[in-house]
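The next block holds one structure in the form of structure tokens; read it before the comments.
Derivation of every value follows stated rules applied to the coordinates shown; laboratory data play no part. All values reported here derive from a predicted model rather than from experimental measurement. Backbone-built Cβ (ideal geometry, glycine too); neighbour counts: all protein chains shown.
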Amino acid sequence: MRNIKLFESESHKFILLNESEPGEEDGIRSNQYLIVNNGAGALLDPGGFGVMPRVLAEMLRYLSPDKILGIFLSHQDPDIVGGISTWLELIKAPVYISRIWMRFLPHYGLKDMSQFVGVPDEGMDCEVAPGFMLKIIPAHFLHSEGQINVYDPVSKILFTGDIGAAMLPMEKDDAYVDDFKSHLPYIASFHQRYMCSNKAILCWLDNIADLDIEMIAPQHGPIYRGAAVGEFLAWLRDLQCGIDLMQRGGSFGPKFE
């Protein structure tokens, strides 16, 4: 999937720029997103080093690098942050990530941390440009200790990082989740193993309870829309996962990957 406009109006766009292929980074497929508002842009999880040229090429259809006024990193994993040093050769905008990961970022080859903004544990409202507001929402321990989400109030799309992520076989390339029951086999084991606990899920659900959400855009796999949004959140509310399931000796059983 490449260059899919999830939302478009005269002044505002929310775009799935690129879904990387495993061969591009020797990993699982991952999504990179661009939000454009009146000519100003925000990049969400721009990806690892291997996908940077493709993501840049797709971004240039809409904006030049100097028009990117914010980069948002949902957490510290290399499929999110691995290419950031190259991006910062082109973009001189603030980069937002949980404050707890600030001291780890130099290990990605970063010598200058002046562009980075440590997001407080409670999240924050972010004015990317005049009239361009995004809401950073904490999603701690889902799966990262310092994961953040980004909510766009114009498109009503919630970018959720690894929450909602799907591990799809190569022959499936759906852009959207329209039938949640048929999608469940691709998300169940991942969420049971990678999400910390049901308590962490319930805290996150409280954090997003007042948002008007039309789509959920994860970092891996298709986008939830329509009835699938509510069905996914309802399934997640009752999910036992992580330390809820951990057995003596650290085993989670053979079904989790």
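The three principal axes of the C-alpha atoms in the stretch 198-248 carry coordinate ranges of 40, 25, 17 Å, sorted with the longest axis first.
The charge dipole of the stretch 23-89, taken about the Cα centre with unit charges on the Cβ atoms of Lys, Arg (+1) and Asp, Glu (-1), comes to about 300 debye, rounded to the nearest 20. Taking label positions 7 Å along the Cα-Cβ direction at both ASP212 and LEU90, the computed distance is 3.4 nm, reported to one decimal.
Just to confirm the number: angle between the C-alpha axis of helix 227-237 and the first principal axis of the chain, 0 to 90 degrees, nearest 10? Long axis of 227-237 versus the principal axis of the chain: about 60 degrees.
For the stretch 67-175, the set of chymotrypsin sites (Phe, Trp or Tyr not before Pro) satisfying both a DSSP loop assignment and a count of at most 14 other C-beta atoms within 10 Å is given as PHE104. Is the stretch 82-204 best put as rounded, prolate or oblate by its Cα gyration tensor, with a ≥ b ≥ c the root eigenvalues, rounded for a/c under 1.5, and otherwise prolate when a/b is larger than b/c, oblate when not? Verdict is prolate for the stretch 82-204.
Over the chain, how many pairs of lysines fall under 17 Å by alpha carbon, counting only those 8 or more apart in sequence or from different chains? Lysine pairs meeting both conditions in the chain amount to 9.
Our estimate of slack between SER9 and LEU205, defined as 0.36 nm per intervening residue step minus the Cα-Cα distance, is 67.7 nm. Site pair LYS156 and ARG237 shows an inter-label distance of 1.9 nm when each label is modelled 7 Å from Cα along Cα→Cβ. The calculated pair-distance distribution of the chain uses every alpha carbon pair, bins of 5 angstrom beginning at 0, and gives 1, 6, 14, 18, 21, 18, 12, 6, 2, 1, 0, 0 percent.
Please say if the stretch 69-117 is rounded, prolate or oblate, where rounded means a/c under 1.5 for a ≥ b ≥ c the square roots of the C-alpha gyration tensor eigenvalues, and otherwise the choice is prolate for a/b larger than b/c and oblate otherwise? Cα axes put the stretch 69-117 in the rounded bin. Our coupling estimate for the stretch 205-215, obtained by passing each phi through the Karplus curve with A = 6.51, B = -1.76, C = 1.60 and θ = phi - 60°, is 4, 5, 5, 9, 4, 8, 8, 8, 10, 9, 9 Hz, Gly and Pro reported as x. Per-residue Karplus couplings for the stretch 187-197, computed as 6.51 cos²θ - 1.76 cosθ + 1.60 with θ equal to phi - 60°, are listed in order as 10, 4, 5, 4, 5, 5, 8, 9, 7, 5, 6 Hz, Gly and Pro entered as x. Among residues other than ASP125 whose Cβ falls under 13 Å from its Cβ, what is the net charge (Lys/Arg +1, Asp/Glu -1)? Residues near ASP125 contribute -2 overall. Would you work out if the stretch 1-132 is rounded, prolate or oblate? Take a ≥ b ≥ c from the square roots of the eigenvalues of the alpha-carbon gyration tensor; rounded if a/c is under 1.5, else prolate when a/b is larger than b/c, oblate otherwise. Since a/c reaches 1.5 but b/c is at least a/b, the shape of the stretch 1-132 is classed as oblate. The alpha carbon centroids of the stretch 197-216 and the stretch 134-172 are separated by 11 Å.
Spin-label model, ARG248/TYR108: points 7 Å from Cα along the beta carbon direction are separated by 4.2 nm. Within the stretch 31-84, the trypsin sites (Lys or Arg not before Pro) that combine a DSSP coil assignment with at most 16 other C-beta atoms in a 10 angstrom radius are ARG61.
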